[in-house]
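Everything below concerns the one structure shown next.
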Amino acid sequence: MNDHSILLVDDEHSIVELLQTVLEKEGFTDIDKAASAEEALAACRTKEYDLIVLDVMMPGRSGIEAAPFLREMTDAPILFLTARTSDFDKLTGFAVGGDDYITKPFNPMEVVARIRSQLRRYTHAKRLAAGQSGESTRLHTQTQTIYDYGRFQVNAEAGELIVEGETISCPALVFQLLLFLCENPNRIFSKSELYEQVWGVDAFNDDNTVMVHIHRIRERIEADPSNPQFIVNVRGLGYKLIQPKEKGMEKR
């Protein structure tokens, strides 16, 4: 039995039924369906979901158009389903708040694998934010781990990003990626290494996913995201987070 709540959004009845059948066979029991973006938005106003599978091309408002409105209501992972395969389409999906991109036709079990991977990361991030991440949290009940980079601070236990004294909203996977970089400052990671660390070893590698999430972090922590001072790209090698010499981790 799996009590994660999932919303399937697609105007093609056969696809929704197929995904529901496969998910139920894999133990998922809390599954809702919507045939349009409007129905999906209405569902999210009345119920909190752990994951949304969202078709891109639908009559009326498209999934791409609906995603920013869904993002205002939930941080749950959004997995886009679409027949479009270009890099531009993928980047557009990530830019509006998507966490993964699955092209049609698809293998249903691949979709399930991606759903499980996203749910594990999302659940871990929620526990981290709630101070319920397990033994390591219990060992620090009297202190909090703060990564101080001058312009911004990351509170690991509270799941908070503070930029120039203001708490900034940060989706779960964006925070997870930033936290991992904070835990490993001045070290270069390839895109595949970052993907493995944050999205999971069983996830399906997609360099665009890492690039877009790095961009989302830069939008939050950099004074000028187009000229980053903290998260830099080392050509041909990957990304690293530069730690100011006088700053670092502290316990409070």
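The values are calculated or read from the model by the stated rules, or taken from the named source; none is laboratory data. Fair warning: this is a prediction, and the values are worked out from it, not measured in the lab. Neighbour counts are summed over all protein chains in view; Cβ atoms, including those assigned to glycine, are modelled from backbone coordinates with ideal geometry. Accessible surface areas use protein heavy atoms only, side chains included; no ligands, DNA or RNA. Shrake-Rupley method; radii C 1.70, N 1.55, O 1.52, S 1.80 Å.
Here is how the numbers come out for the structure above:
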{"quantity": "Members of the stretch 183-214 that are at pLDDT 90 or above and open to solvent by 10 Å² or more (accessible area, probe 1.4 Å)", "calculated": "GLU183, ASN184, PRO185, ASN186, ARG187, ILE188, SER190"}
{"quantity": "Of residues in the stretch 5-54 being in a strand (DSSP E or B) and in contact with a Pro (Cβ under 8 Å, 6 or more places away or on another chain), the one surrounded by the fewest Cβ atoms within 10 Å (Cβ to Cβ)", "calculated": "LEU51"}
{"quantity": "Qualifying residue in the stretch 3-10 (condition: over 23 Å from the mean Cα position of the chain (by Cα) and either touching a residue at least 40 places away in the same chain (Cβ under 8 Å) or over 19 Å from THR74 (Cα atoms) (or both))", "calculated": "no"}
{"quantity": "Residue within the stretch 108-126 that is in a loop (DSSP other than H, G, I, E, B), under 23 Å from ILE214 (Cβ atoms) and modelled with pLDDT of 75 or more present", "calculated": "no"}
{"quantity": "Meets criteria (outside any helix (DSSP H, G or I), closer than 23 Å to TYR122 by Cα and among the aromatic types (Phe, Trp, Tyr)) for PHE69", "calculated": "no"}
{"quantity": "Residue ID - surrounded by the fewest Cβ atoms within 10 Å (Cβ to Cβ), chosen from residues in the stretch 146-182 that are acidic (Asp, Glu) and in contact with a Ser or Thr (Cβ under 9 Å, 6 or more places away or on another chain)", "calculated": "GLU160"}
{"quantity": "Pick from the stretch 11-50, criterion free of Cβ contacts under 8 Å to residues at least 12 places away in the same chain and of a type in the set (Ser, Thr, Tyr), ranking: farthest from THR123 (Cα to Cα)", "calculated": "SER14"}
{"quantity": "Close pairs from the stretch 149-177: first within 17 Å of PRO228 (Cα to Cα), partner assigned to a strand (DSSP E or B) and basic (Lys, Arg), Cβ under 8 Å, at least 6 apart", "calculated": "none"}
{"quantity": "Residues satisfying the stated conditions in the stretch 44-76, i.e. modelled with pLDDT under 90 and within 18 Å of HIS4 (Cβ to Cβ)", "calculated": "MET73, THR74, ASP75, ALA76"}
{"quantity": "Test result for GLY150, among the small types (Gly, Ala, Ser), more than 17 Å from PRO244 (Cα to Cα) and at pLDDT 85 or above", "calculated": "no"}
{"quantity": "Extreme residue, nearest to LYS104 (Cα to Cα), among residues of the stretch 55-64 that are open to solvent by 10 Å² or more (accessible area, probe 1.4 Å) and not in a helix (DSSP H, G or I)", "calculated": "MET57"}
{"quantity": "Hey, ALA67 free of Cβ contacts under 8 Å to residues at least 40 places away in the same chain and open to solvent by 10 Å² or more (accessible area, probe 1.4 Å) or not", "calculated": "no"}
